[in-house]
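Every read-out reported here was derived from the displayed coordinates using simple, explicitly stated rules and does not represent laboratory data. None of these values were measured; they are calculated from a predicted model. For neighbour counting, all protein chains shown are included, and Cβ atoms are generated from backbone atoms with ideal geometry for every residue, glycine included.
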Amino acid sequence: MQCLYAVNRDKTLANNLDLATQVYQETIRKSYELYLFNVLQVREVTKHALKDEAHRRGKHLPSDFDRLFSAKLYRNPLVQSLINDGGLRTAIHHSKVNQFLSDDNTRLLYNDFAKTPEYKAYLKNRHTTDKDHLEMILFLFKHAVTGEIYNDLMDDYFANWWDDKSLVVGAMKKTLKALPVQEGYINALKPGFDTVTEFGEALLQDVMQSDVQLLEHIEPTLNNWDAERVAVIDMVLLKMALSELLNFPTIPTKVTLNEFVEIAKLYSTEKSKDFINGILDRLLKKLNQEGVIVKQGRGLI
């Protein structure tokens, strides 16, 4: 979607399928690196609990809270599964995202988080369970990712942060909710050939190569609405969805409709969800009447 939007805005890309495909592959790589850095960042923020503990232990006149304090935010088995996962360590090393890591930044994030009443209540809990640890790790990420400090840092290092934020946040929540991770879990998250090339690249190329034909299908369903007045991102989504309906026989029509409505919610205007849903519903009925939608395998479901 992002690449096709860029194609619409950039004539150089629009006239060069190979270049557009390279740009697409590069955006996939950058999105994956952004995810890895978010995992690394959260993991490193928890390490500051160790320094916090050492500082409190070294006080000449520690308070009751200082004596109570422990670095369980870092030492718990859920975070340790991220620390000790060899596959994750290798992926971070190869991606070189650790070059963007700054102890000053992670300390800022930890200090901001440490002020929250939720963290203080967690520390006072003498009978912490894995569920408690999980809730606090999720809260740490939520607190950080909704704050100005975190977003400014991400924006400084990653130009794709705002474009990919919703994607990465969703992946992070899924990862954290699955803690403790199983060794090598990261392998399942690596962009795979079937997803990136056989589906994503094929979809990009089909939409670019069939742009005129796709628009010819879409225009009659707009109900006298001028195609040029349709928001660029909405037209991109419609063309992608139509390409899936016509040329990807293993993807069920219901999946296509549902997924593109969800994407419209995330990336377009408030009214786009209903607009996309209405147009795709009319398109599907029209194409079924013409008998041009052929599904097979899981696409029949």
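Worth a mention:
- When every Cα-Cα distance of the chain is counted in 10 angstrom steps from zero, the calculated P(r) takes the values 5, 23, 26, 20, 14, 8, 3, 1, 0 percent.
- Packing around the peptides 220-227, 153-160, taken as the average count of other Cβ atoms within 10 Å per residue, puts them in this order, highest first: 153-160, 220-227.
- Which of Thr90, Leu245, Met154, positive extreme of dipole for the chain (C-beta unit charges): Thr90
- Farthest toward the positive end of the dipole of the chain, out of Leu108, Asn277, Leu257, is the Cα of Leu108, where the dipole comes from beta carbon charges about the Cα centre.
- Estimated purely from DSSP H runs of n ≥ 4, each contributing -39500 (n - 2.57), the mean residue ellipticity at 222 nm for the chain is -21500 deg cm²/dmol once divided by its residues.
- Restraint check, Lys115/Lys174; Lys115/Lys142; Lys120/Lys173, Cα-Cα greater than 24 Å: Lys115/Lys174
- Helix runs (DSSP H) in the chain reaching 20 Å along axis by Cα, Kyte-Doolittle at least -0.5: 130-145, 161-177, 232-247, 253-267
- Straight-distance crosslink candidates among lysines, where the alpha carbon sits under 24 Å from Lys271 and sequence neighbours closer than 8 are dropped: Lys165, Lys239, Lys254, Lys285, Lys286
- Per-q log10 I(q)/I(0), segment 198-258, q = 0.13, 0.15, 0.19 Å⁻¹ (Debye; single scatterer per alpha-carbon; no solvent): -0.34, -0.45, -0.70
- Efficiency of FRET between Asp18 and Tyr157 - r from beta-carbon atoms, R0 30 angstrom, step 0.05: 0.55
- Taking all C-alpha pairs of segment 210-300, those more than 22 Å from each other amount to 21 percent.
- The trypsin sites (Lys or Arg not before Pro) of segment 1-97 that DSSP puts in a loop, and whose beta carbon has at most 11 other beta carbons within 10 Å, are Lys59, Lys96.
- For segment 1-61, the calculated P(r), taken from all Cα-Cα distances in 5 Å bins from zero up to the bin holding the longest distance, is 4, 16, 14, 11, 9, 8, 8, 7, 6, 6, 5, 4, 3, 1, 0 percent.
- The residue among Gln25, Val196, Tyr185 whose Cα reaches farthest toward the positive pole of the charge dipole of the chain, with charges on the beta-carbon of Lys, Arg, Asp and Glu, is Tyr185.
- 19 Å tail of the calculated P(r), segment 32-189, as % of Cα pairs: 54
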